[in-house]
Amino acid sequence: MQLPEKFIERMKKRLGADFPAFLASYERPPYRALRVNTLKISAEEFVRRAPFPLGEQIGKEGFYIREEKPGADPYHFAGLYYLQEPSAMSVGGMSAVCPKKRVLDLCAAPGGKTTHVAAQMAGEGILIANEVNYARAKILLQNVERMGICNGAVTSASPRTLAALFPAYFDLVLADAPCSGEGMFKKEENAIPEWSMENVARCAARQSEILDCAADMVCPDGLLLYSTCTFAEEEDEWQVEDFLRRHPAFECVNMQKLYPHAFRGEGHFCALLKRRDGEFLRAKPYPVQKSAQAEKAYRAFCEDFFIAPPTGTLHTLADGRMYLLPAGMPDLKGVSLLRLGVELGEWDGKLFKPAHALAMALGMRARRKVTLSREEAVRYLHGETLAADIPNGWCAVCVEEFPLGLGKAVNGTVKNHLPKGLRMIK
Ligand code: SAM
């Protein structure tokens, strides 16, 4: 691997005697890992059912893996795990101790940290997962829905827009900022050609702006968790020092830098910053829209579909799309919104049609389930129609007991309602 000369020079100076070991780390392939989604299964149970060999454990829910295609397994489609670079899990490790009534992940796509924090929140509180790049926000949404996260929203706004809306509001703001990606040299082919000292400086300037917005949104005694996947001090330690100079109300309570020669991962930096004082502000509640007729149709569906219908606030858009909002959802006025709570489905003026996201978040409560083996699940994921001896109506199609999506049973045949864009490619 041809590393940039200037990068080598800087790392040599910084690491001294450790530099040869650091350089040697570029000779081995990148580490791979998964993190068990404890919203759906405990780490212990996942170990019992693991579909491929698991290596050493990372933290409470992570495991090294060697599997070539871990994203093609039915358990992955069911949201039982998230594929995450091992050192990136350190951010979730640091957030584990944070209070989490209201959390914002400011730079969230594709969703590694969002899904980690969501699992720690266990469905309680409010989690806003934001990604400024709309195309990337759609990938974030897919991951949020696959993992069955119910207690939040997926938005696509600039940090500045959010800072204007949520002054001193969040208990925890995550800022996993765009960076020069020195820890991605092995994983992303553009990381090396795009690296330059000018880019390090550009990233550092952008990170300062993101951090200033993030700071505005942290409530008194709240925390700001800043992270990058680079080693450049301008973006890491010096960035934090500069931040503390600009924001004397904050102190650094924890800082960690993982290097690839000292940790079995590609490298990460994170710093936990605590706001000591300031004024606590409330946000306005989300302006819920009601439709008595749509709710009647939805409740009729619930009676038929669920053993125990979920509780929460129903929100119905003018076009009939319905959502289940968690308690305490704040107003998101002016913010581009990809998802609010759980997408339940759509009322067409007569009937309620459930959404895929409902199956992923709430399908475990379904009365009618088609329980497939892992082999049969692959057929469903390819879009095939199934045979099942169950009463007619909507059903949750599951790999073992874990929902993969919806089906509609008609006289022994189950029509496949897995959205085309989410199917397994043959
Ligand atoms: N937290 C994510 C995860 O764990 O999966 C990874 C986030 S990635 C390191 C940084 C993200 O910041 C990218 O998705 C990028 O689109 C976004 N971004 C780029 N410029 C930004 C800006 N000016 N403000 C906020 N986010 C930005």
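Readers should treat all values here as calculations from the given coordinates under stated rules, not as data from a laboratory. This one's a predicted model, so the numbers in the text were calculated from it and none came from an experiment. A quick note on method: Cβ atoms are made from the backbone with ideal geometry, for glycine too, and the neighbour counts reach across all protein chains shown.
Evaluate the relative contact order of the chain (contact order divided by residue number), counting alpha-carbon pairs under 8 angstrom at least 6 apart; express in whole percent. Averaging sequence separation for qualifying contacts and normalising by length gives 14 percent for the chain. Straight-distance candidates among the lysines for linking to Lys186, with alpha-carbon spacing under 20 Å and chain neighbours fewer than 8 residues away dropped: Lys6, Lys12, Lys69, Lys257.
Packing-based ranking of 230-238, 247-255 yields 230-238, 247-255, ordered from highest to lowest mean Cβ neighbour count within 10 Å.
Please report the antiparallel percentage of DSSP beta bridges with both residues in the chain, rounded to the nearest 5. Please report the intermediate quantities before stating the final value.
Working: 54 of 75 bridges.
Around 70 percent antiparallel, to the nearest 5.
Of the peptides 407-418, 206-217, how do they stack up when ordered by the mean number of other Cβ atoms within 10 Å, highest first? Let's see the in-between values first.
Numbers: 407-418: 16.3, 206-217: 20.4.
The packing order, highest mean first, is 206-217, 407-418.
Using Cβ point charges alone (K and R +1, D and E -1), the dipole size of region 1-135 about the Cα centre works out to roughly 280 debye.
Each 10 Å bin, from zero up to the one with the longest distance, holds this percent of the alpha carbon pairs of the chain: 4, 21, 29, 25, 15, 6, 1, 0. Extension gain for the segment Met364 to Glu198, taken as residue separation times 0.36 nm less the Cα-Cα distance, is 54.7 nm to one decimal.
Comparing Leu337, Ala271, Phe306 along the charge dipole axis of region 263-386, the residue lying farthest to the positive side is Ala271, per the Cβ-charge model. The Cα center of region 14-90 and the Cα center of region 343-362 differ in position by 34 Å.
A simple packing score, the average count of other Cβ atoms within 10 Å per residue, orders the peptides 54-63, 141-150 as 141-150, 54-63, with the highest score first. Once the Cα atoms are used to define both axes, helix 5-15 deviates from the longest principal axis of the chain by about 80 degrees. The dipole here belongs to the chain: it is taken about the Cα centre, uses +1 on the Cβ of Lys and Arg and -1 on the Cβ of Asp and Glu, and is about 1160 debye.
Calculate for the chain the 222 nm mean residue ellipticity that helices alone would give, adding -39,500 (n - 2.57) per DSSP H run of length 4 or more and normalising by residue count, nearest 500 deg cm²/dmol.
Details: 14 runs with 128 residues, N = 426.
Theoretical 222 nm ellipticity from helices: -8500 deg cm²/dmol.
Taking amide hydrogens as placed 1.01 Å from N in the peptide plane, the amide H of Gly405 sits under 5 Å from those of Val397, each at least 5 positions away in sequence or on another chain.
Which pairs in the list Lys60/Lys100; Lys138/Lys284; Lys100/Lys333; Lys13/Lys113; Lys290/Lys408 are over 20 Å apart, alpha-carbon to alpha-carbon?
On the way: Lys60/Lys100 18 Å; Lys138/Lys284 26 Å; Lys100/Lys333 23 Å; Lys13/Lys113 31 Å; Lys290/Lys408 28 Å.
As for pairs spanning more than 20 Å Cα to Cα, those are Lys138/Lys284; Lys100/Lys333; Lys13/Lys113; Lys290/Lys408.
For GluC sites (Glu not before Pro), the sites in region 270-358 that DSSP calls loop and that have at most 16 other Cβ atoms within 10 Å are Glu279.
What number, in nm² with one decimal, is the all-direction average of the projected area of the convex hull of the alpha-carbon atoms of region 132-226?
Numbers: hull surface 29.5 nm².
Here the figure is 7.4 nm², rounded to one decimal.
Taking the chain as the reference, fit the longest principal axis to its C-alpha atoms, fit the long axis of helix 112-121 to the helix C-alpha atoms, and give the angle between the two in degrees, 0 to 90, nearest 10. It is inclined by approximately 60 degrees. Rounded to whole Å, give me the distance from the Cα center of region 181-227 to that of region 388-426. Taking the Cα centre of region 388-426 as reference, the centre of region 181-227 is 42 Å away. Between 0 and 90 degrees, the angle of helix 292-305 with respect to the longest Cα principal axis of the chain falls at about 80 degrees.
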